[in-house]
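Rule-based calculations on the coordinates, nothing more; no lab input. None of the values given here were measured: they were computed from a predicted structure. Here the Cβ is made from the backbone with ideal geometry for all residues, glycine too, and neighbour counts use every protein chain on show.
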Amino acid sequence: MGPFLIALALLATLHPPELPDRVLSEFALEILKQAGPVEELEVAAFIMRSDDGTLSLRSWPNQRRFRTAQWSGPLPPAAIAIIHSHPVTMPLPSTMDRREAERLRIPIYAVSRGSLCKADIRGEVQCAILSRR
């Protein structure tokens with residue numbers, strides 16, 4: 001599977017400046033890879049920024065549950081966003097995703113095989129089309 005490109009028309013509003021589109025695309029691809037071919041099984045990760053500015057994924061335990069991912073414990077201090085898989089038939093962030101983005105004050109991304117959507121810290125949703133390079 002080739003890397004994904006995010007439609008540039010929506011890119012500027014889809015991620016914060018500290019999360020470059022190339023990195024966000026790589027992370028979206030990695031989440032889809034972890035999710036595997038069964039779209040109903042969800043995986044999630046924190047997008048982390050280290051002190052030197054390096055961005056990485058920190059996968060959640062108990063991956064690949066039916067339409068749910070759960071984190072137990074405090075939000076890691078280096079977390080700048082959450083990214084998780086969604087089935088292509090349900091690409092938008094859920095009501096719970098939007099509420100958690102507001103509560104945690106970090107964006108939550110839902111990635112499916114066709115799109116990448118973000119619930120921002122106001123609970124508003126923006127989406128971009130993912131296409132293969």
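The figures follow:
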| read-out | value |
| --- | --- |
| Spacing of the two label points (7 Å from each Cα toward its C-beta) at residue 40 and residue 96, in nm | 1.6 nm |
| Two-site FRET efficiency, residue 78 against residue 21, from Cβ-Cβ distance with R₀ of 22 Å, rounded to 0.05 | 0.60 |
| Length added when fully stretched, residue 122-residue 58, from 0.36 nm per residue minus Cα-Cα | 20.6 nm |
| Amide proton proximity set for residue 115, modelled H, under 5 Å, gap of 5+ | 130 |
| Positive minus negative residues near residue 101 (Lys, Arg vs Asp, Glu; Cβ under 13 Å) | +1 |
